[in-house]
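Read through the structure below, which is laid out as structure tokens, and then see the notes.
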Amino acid sequence: MCGAVFHANGSWVNQARSLIFFKGYIVFNLVDDDGVSKELDSEELFMASLEAGAEDVVVLERGGIYIRNTEQASVNPGLYRMSYTPDSWELIMKPTLTMGVAGDEADTVLGLVDNLR
């Protein structure tokens, strides 16, 4: 049991003080259907996202951006108008704190996750 959970300022907080933020996640494939690399300038994508109305943008090297969940409805059409066509977009729950595990610890954590389903 994770403890009590409450919603505050667009994030979920539990008693253990871990935070999960809802983020808009927009994906741009870096390879087309024929396997040819597509050019995607991350600085241009960042500036286009700001022009489309995003205030909090994180551009990922692997061809995606994170934006505020409340901005997704306005940013997506703006990116389309600027000829940036996302391959997918969705609302995700993104943790603000992550921790690496290896070996037996990883097996234990995966077992825990399987039991939660």
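The values are calculated or read from the model by the stated rules, or taken from the named source; none is laboratory data. None of the values given here were measured: they were computed from a predicted structure. When we count neighbours, we look across all protein chains shown, and the Cβ atoms used for this are built from the backbone with ideal geometry, even at glycine.
Do we find a residue being at pLDDT 80 or above and either of a type in the set (Lys, Arg) or more than 28 Å from ASN76 (Cβ to Cβ) (or both) anywhere in region 22-33? Scanning region 22-33, I find at least one residue that is at pLDDT 80 or above and either of a type in the set (Lys, Arg) or more than 28 Å from ASN76 (Cβ to Cβ) (or both), so the answer is yes. Against the list (1) under 23 Å from PHE22 (Cβ atoms); (2) exposed (fewer than 10 other Cβ atoms within 10 Å of the Cβ), the condition SER83 fails is (1). Residues that are assigned to a helix (DSSP H, G or I) and more than 16 Å from PHE21 (Cβ to Cβ) do not occur anywhere in region 87-94.
Test of understanding: among ASN76, ASN115, which residue is surrounded by 11 or more Cβ atoms within 10 Å (Cβ to Cβ), assigned to a helix (DSSP H, G or I) and not hydrophobic (A, V, I, L, M, F, W, C)?
Working: ASN115 fails: surrounded by 11 or more Cβ atoms within 10 Å (Cβ to Cβ).
Exactly one residue qualifies, and that residue is ASN76.
Of all residues in region 45-69, those satisfying the criterion of being out of contact with any Leu (no Cβ under 9 Å at 6 or more places or on another chain) and closer than 11 Å to PHE28 by Cβ are LEU60, GLY64. Just one of the listed residues (LYS38, LYS94) is surrounded by 13 or more Cβ atoms within 10 Å (Cβ to Cβ) and modelled with pLDDT under 85, namely LYS94.
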